[in-house]
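Have a look at the structure below, then the notes.
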Amino acid sequence: MKIAKFKLVMFSVTLIIGWVFCLPALGQVQTPALEEELVYRLNVFNGRGYGGEFTPQSEDTIYLIADKNNAISARITLVCFWPITGKYQASFGTLNEEVEGVLEILKGEKVIETLEKEDNCLYHPEGYWAGVSVLYRGEEAWAYHEKYKKAIAEYYMKRSEYQQAQIEYRKKYNEFSKEIKKRKEAGEEITEEEAQQMMPKPPSPPRSPGFFVPPPGKDYIINLPPGNYKIRLRVENGAIIQDSEKNLVLFTYRREGGTGYTIIPGNRWTKRESCDDSSWIIYAAGKNTLYFNPFIQDEYNELYYNKLEEPQNTGREEKWKWVRTEPIKNVTLLFSKGKEILQKIVIAPYCVKQIYGPELGYEIVEWDPKEMPGRLPAFGGYKLELAFTLPKTNYEVNLQEKEGGLFPGGRREVRLVRKERAKSLYILSIFPLAVGLVVFVGRRRKMK
Amino acid sequence: MTRKELSLSIHTVKALAKRDLYSTLSSLGIYIAAFLSFVASSFILKNFLQSIKGDDILISADPLNYPLFISTVIVSFYLALLSAISISREKDQGTLEVLFCGPVSSSTYILGKYIKNILTYFVVVLFFLVYFWGVSLLTNLGFSSRLGKAILTSIFSLSCVISFGLFISSLTKKMRNSIIWLIGILILFLAVGIGQTILFGMPQGEVSSVLTYLTDTLSVVSRGVDWISPFSYLSRGIDAISLDNSFLWGLNILYSIIYSAVLLLFSICIFKRKGVRG
């Protein structure tokens, strides 16, 4: 009886322990639970264009760039916590309910602005993927969207004309081939030039509109000076919508319009270097090929900017980061030593060619559309070659504008270091000890 | 205080500082400290140079600033210890009692010690100039005007370290206690500062969640430590130089002067209250 009781207890203990150990595993296989939440969807200015994510309930503050139009809207959606990324994910595809009401902006406890939803859209002048965009509001938004619709309609019309012309061309080409064949069979000699003249010309395809303007949507447009604010949603009956209160931080750059460089070292073209500040020096030791890409940039607080890009990002309030706003065009890169200009470099597109064979690796060559049909350049840049024979001294790179003047903030120092002398530094360290010994011995002698 | 008394006090401070300065400069200690600081700097610079591969580049604002920071920290540790030891030793040996029978007062004594250390550091600054100029000549790392400005900043931050050392030694009676307290607190300050620099220097994407918590904790701790730690005045000054912000740089120097003045005042008051036997 006692043995049976003991066995039962042991079995229960084993079962409980097994169940406890299985719990985490069960947790892992479970799909994250979806919860209905009020979130703010952001379409905000990020220094170069517009973008943004959403602010879940876990985040109590929204960060925006001051004195710019920022579009935000309140939505009811399904949110789940994704343990792999440690972030909340929204399922706007499943539920995306617009929250009605007015948005109140408070400074302290005082309501300073009450915003109604207004029409707005983004104008992407270089296409959707270029990253550059401008926000238009109200009538202007609709006007830009109409312009886009018109351009698209024109494009499709031209495209259909082109397709028609393509059919015509193929027909004429077949006729031409038959004609040539017939004449050749008849013993007639046709020169290359004659054949070229007779050959029908293919139609050129129409170019799609370079810009993109989606249909306008309705959002609250926030444009405020730097400072700390609060926002909340109020419905028609005067009640505040639950969970709609958020802190709002409007910040601006610390430094504006700086010139930064992305430098692509020839030996590792995928791992680029940044030279953001004019006080930063480029140190090199030997033969180098560097590809420079200049940018205009603004400097923002790291935490604020990271939170602007994605409210669930982390960051450090004590740190600052440069944000590239646009590439610098129409300039020449000058490489000089003192006042003497050693190289004047223009921008060129480059392609990366794999080297086959036992040595492997790659080669960076200038992109030539004729020699490389169907291939696009991997990157563009100002190619600076530092020869092995260059004296190990100080050089500088700078940007020259078309008019001849120097581009502000474009100067960077390039120093070729003498690394072979690194060990001699220890000899230099002995210097104070030598002085000390002289003083010490001198004092001893004096005392004697 | 009458004019005559003031003149006597100045004379006393001068005499005390001169006596101590002569003693410090004729012993080997300060030269060894400078030598060790340069060995540490050479080690950092050698590694920096070796990290620039033959066909590669390295981008840095001022590679000589960090070695300068390390050199300043080592020398200021030595000078702070020296002042703490000398006060405690004079207390222990009873020399203070003899000194205080004459025109020496708490304020002249503390100021004498402070001025002596500052003058000793001026000698070290000369070593710094020769060493970093030599480094620049040898390796072409560059002796920039910013480095000169950083060396100037180091004088003010050293003033903070010395006043901190004097403050600690005025609080303690025994030499051993002064040394332990001083080293302990300074190492703690350095650990917070260096830890924060390392964590903040890491690229955002490479900071793991554990390190993020540590960074946040250090960030909170350092908000307080930043005002107390004498070393943070040096790092803030160097930051202002790299930002090319003269206003911040000037403000940091002003804060260093206020910090030194406040701690010296506290040291004098404590010394007065405790008396020569401590």
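Of the GluC sites (Glu not before Pro) in the stretch A:356-415, which ones lie in a loop per DSSP and count no more than 11 other C-beta atoms within 10 Å? If you can, show how the numbers build up before the last one.
Details: sites: A:359, A:363, A:366, A:371, A:385, A:396, A:401, A:403, A:413; in loops: A:359, A:371, A:403.
Hits after loop and neighbour filter: A:359, A:371, A:403.
Each 10 Å bin, from zero up to the one with the longest distance, holds this percent of the alpha carbon pairs of the stretch A:266-358: 11, 31, 32, 20, 6, 0.
The Cα center of the stretch A:280-339 and the Cα center of the stretch A:261-276 differ in position by 11 Å. For chain B, the mean residue ellipticity at 222 nm estimated from helices alone is -29500 deg cm²/dmol, where every DSSP H run of n ≥ 4 contributes -39500 (n - 2.57) and the total is divided by all residues, rounded to the nearest 500. Among A:348-356, B:255-263, the peptide with the highest mean count of other Cβ atoms within 10 Å heads the list, and the full ranking is B:255-263, A:348-356.
For the pair residue A:242 and residue B:200, what calculated FRET efficiency results from E = 1/(1 + (r/R0)^6), where r is the Cβ-Cβ distance and R0 = 45 Å, to the nearest 0.05?
E(calc), rounded to 0.05, equals 0.70.
Ranked from highest to lowest mean number of other Cβ atoms within 10 Å per residue, what is the order of the peptides A:238-244, A:63-69? Before the final figure, lay out the partial values.
On the way: A:238-244: 12.0, A:63-69: 19.9.
Ranking, from highest mean packing down: A:63-69, A:238-244.
The smallest convex shape that holds all Cα atoms of the stretch A:359-424, its convex hull, gives 209 Å³ per residue. Globularity index of the stretch A:390-448 is 2.27 (Cα radius of gyration / 2.2 N^0.38 Å, N = number of residues). Close amide H pairs (under 5 Å, H built 1.01 Å from N) link residue A:367 with A:350, A:351, residues at least 5 positions away or on another chain. Distance between the modelled labels on residue B:137 and residue B:273, one decimal in nanometres: 5.3 nm (7 Å Cα→Cβ projection). The alpha carbon centroids of the stretch B:59-76 and the stretch B:111-151 are separated by 11 Å.
Between A:357, A:315, A:404, the residue with the greatest mean-square fluctuation in the GNM of chain A (Cα pairs under 10 Å linked by springs) is A:357.
Residue B:47 to residue A:411: FRET efficiency via 1/(1 + (r/R0)^6), r the Cβ-Cβ distance, R0 22 Å, to the nearest 0.05? The computed FRET efficiency comes out at 0.20.
Note on the stretch B:38-172: Kirkwood hydrodynamic radius from all Cα pairs is 16.9 Å, rounded to one decimal.
Residue A:255 label point, 7 Å along Cα→Cβ, cut-off 13 Å on backbone N: hits in the stretch A:292-307? Backbone N within reach: A:297-301. Between residue B:177 and residue A:154, the simple spin-label model (points 7 angstrom out along Cα→Cβ) gives 8.9 nm. A crude spin-label estimate for the pair residue A:368 and residue A:389, with each label 7 Å from Cα along the Cβ direction, gives 2.6 nm.
When each full DSSP H helix of chain A is screened for a Cα extent of at least 27 Å along its own axis and an average Kyte-Doolittle hydropathy of at least 0.0, the helices passing are A:2-29. Multiplying each eigenvalue of the alpha-carbon gyration tensor of the stretch A:255-421 by 5 and taking the square root yields semi-axes of 28, 23, 18 Å, largest first, rounded to whole angstroms. Here the convex hull built on the C-alpha positions of the protein assembly as shown has a volume of 387 cubic angstrom per residue. The angle separating the long axis of helix B:175-201 from the principal Cα axis of greatest extent in chain B is about 20 degrees. As a size descriptor, the averaged projected area of the C-alpha convex hull of chain B was calculated at 17.0 nm².
What average number of partner chain Cβ atoms lie no more than 10 Å from the Cβ of the residues making up B:30-37? Walk me through the numbers on the way to the answer.
Values: counts 4, 10, 3, 2, 6, 8, 3, 2.
Mean inter-chain Cβ contacts per residue within 10 Å come to 5.
In this structure, residue A:189 and residue A:348 have a Cβ-Cβ separation that, at R0 = 56 Å, corresponds to a calculated FRET efficiency of about 0.80.
Net charge around residue A:190, counting only other residues with Cβ within less than 14 Å of its Cβ (Lys, Arg = +1; Asp, Glu = -1)?
On the way: positive: A:178, A:181, A:182, A:183, A:184; negative: A:179, A:185, A:188, A:189, A:192, A:193, A:194.
Once positives and negatives cancel, what remains is -2.
Which links in A:423/B:149; A:423/B:18; A:218/A:329; A:271/A:419; A:158/A:271 stretch past 31 Å when you go from one Cα to the other? Those over the limit are A:423/B:18; A:218/A:329; A:158/A:271.
Below 8 Å between Cα atoms, with a sequence gap of 6+, how large is the relative contact order for chain A in percent? Could you put the intermediate results ahead of the total?
Working: 802 pairs, mean separation 62.4, N = 448.
Answer for chain A is 14 percent.
The GNM of chain B, with springs linking C-alpha atoms under 10 angstrom apart, assigns the highest mean-square fluctuation among B:40, B:61, B:17 to B:61. Near residue A:260, once Lys and Arg are set to +1 and Asp and Glu to -1 for all other residues with Cβ below 9 Å from its Cβ, the sum equals -1.
Counting neighbouring beta carbons within 10 Å and listing from fewest to most, the residues A:440, B:167 come out as A:440, B:167. For the residues A:172, A:319, A:287, a GNM of chain A with alpha-carbon springs under 10 Å puts the largest fluctuation on A:172. Against chain B, whose longest principal axis is taken from its Cα atoms, helix B:3-26 shows a tilt of about 60°.
So what's the angle, to the nearest 10 degrees on a 0 to 90 scale, between helix B:106-139 and the longest Cα principal axis of chain B? Roughly 30 degrees, rounded to the nearest 10.
Quick note: the coordinates plus some simple rules give every number you see, no bench work behind them. Note that the structure is a prediction, hence the values are computed from the model and not measured. No Cβ is skipped: glycine too gets one built from the backbone with ideal geometry, and neighbour counts run over all protein chains shown.
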